[in-house]
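Engineer: Let me begin by handing over the structure; questions about it come next.
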Amino acid sequence: VPVDAKVIIDDNALFRRKEFAERVSAELSEFELEAKKYGFSYVELDGDIGIIGNGAGLTMATMDVVKLYGGKPANFLDIGGGARADVVEKAASLLLKHPKVKVLLVNVLGGITRCDEVAKGLVNALKLYGKDKKLVVRLMGTNEEEGKKILSDAGISAFDSMEDAAKNAVSLVEVM
C-alpha cells in the first residue's frame, strides 16, 4: 500500500491530459502565462533585477554573476537563438511591466541572434513600458556596432563584459 507518491509531469506533454494542464495553468502567475503564450523559457524568482539572455547557459551565468555582486534575480528568461526585434520587444515588455523588476539586465551574445535586432526590440519596449525602470545591456557579436549605435541613439549604454553589466545593474537597484 503506497503511503506517499510524487508525480513529475513534463510540461511539453500537458496537452495529452487536459485536467493536469488546467491545474498547472491555474498555478501560474499572469507573467508566467504571458511568457508561456510567447514560447519563452521563463521562471519567476523573488528578486528585483529582471534578466534576459539568449541561451539557457548564458542566462544562468548572468543570474550567477548578479548574485555574486549582491543582486537578486527576479527571473530567468531565455529568448533563445535567432530572436528578432519583435520577440525581444515582447520579452523586455513582459519584464518592464513586472512590478518587482526595478532594473532589466539584458545579456546577449549574438551569433544567430543579431545585436541590431535586439537593440531595436529593447528600444521599442522601453518606449512603451520603461518610464520608471532602468535598462542595462551587454551586447556582443553579430552586428554589435549597429546594435550599440541604436542603443546609444536612444540614450542607453551597452557594456562589453557581463561582469560590468551585472555590477551596474546591482548598483542601480541599490540607489532606487
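Engineer: Which pairs have Cβ atoms under 8 Å, sit 6 or more apart or on different chains, and link a residue in the range 152-176 that is more than 18 Å from ALA119 (Cβ to Cβ) and in contact (Cβ under 8 Å) with a residue 24 or more places away in the chain to one that is part of a helix (DSSP H, G or I) and of a type in the set (S, T, N, Q)?
Structural biologist: ALA166/THR62
Engineer: Still on this structure: Would you say SER93 is outside any strand (DSSP E or B), among the small types (Gly, Ala, Ser), more than 19 Å from VAL170 (Cβ to Cβ) and without any contact (Cβ under 8 Å) to a residue 12 or more places away in the chain?
Structural biologist: In short, no.
Engineer: What do you reckon, is GLY141 free of Cβ contacts under 8 Å to residues at least 60 places away in the same chain, in contact with a helix residue (DSSP H, G or I) (Cβ under 9 Å, 6 or more places away or on another chain) and on the phi > 0 side of the Ramachandran plot?
Structural biologist: Yes, satisfied.
Engineer: Can you tell me which of VAL88, VAL108 is of a type in the set (Val, Ile, Thr), part of a helix (DSSP H, G or I), closer than 21 Å to ILE150 by Cβ and touching a strand residue (DSSP E or B) at 6+ places or on another chain (Cβ under 9 Å)?
Structural biologist: VAL88
Engineer: May I ask you to verify whether VAL66 is touching a Pro at 6+ places or on another chain (Cβ under 6 Å) and part of a helix (DSSP H, G or I)?
Structural biologist: So VAL66 passes the test.
One line per residue, one yes/no per condition, for (1) surrounded by fewer than 20 Cβ atoms within 10 Å (Cβ to Cβ); (2) under 14 Å from the mean Cα position of the chain (by Cα):
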| position | (1), (2) |
| --- | --- |
| GLU30 | yes, no |
| LEU45 | yes, yes |
| TYR69 | yes, no |
| ALA74 | no, yes |
| LEU77 | no, yes |
| ARG84 | yes, no |
| VAL101 | no, yes |
| LEU104 | no, yes |
| THR142 | yes, no |
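Here, each number is a calculation from the coordinates, and none is a lab measurement. Please read all numbers here as calculations on a predicted model, not as lab measurements. FYI the Cβ positions are ideal-geometry reconstructions off the backbone, even for glycines, and counts take in every protein chain you see.
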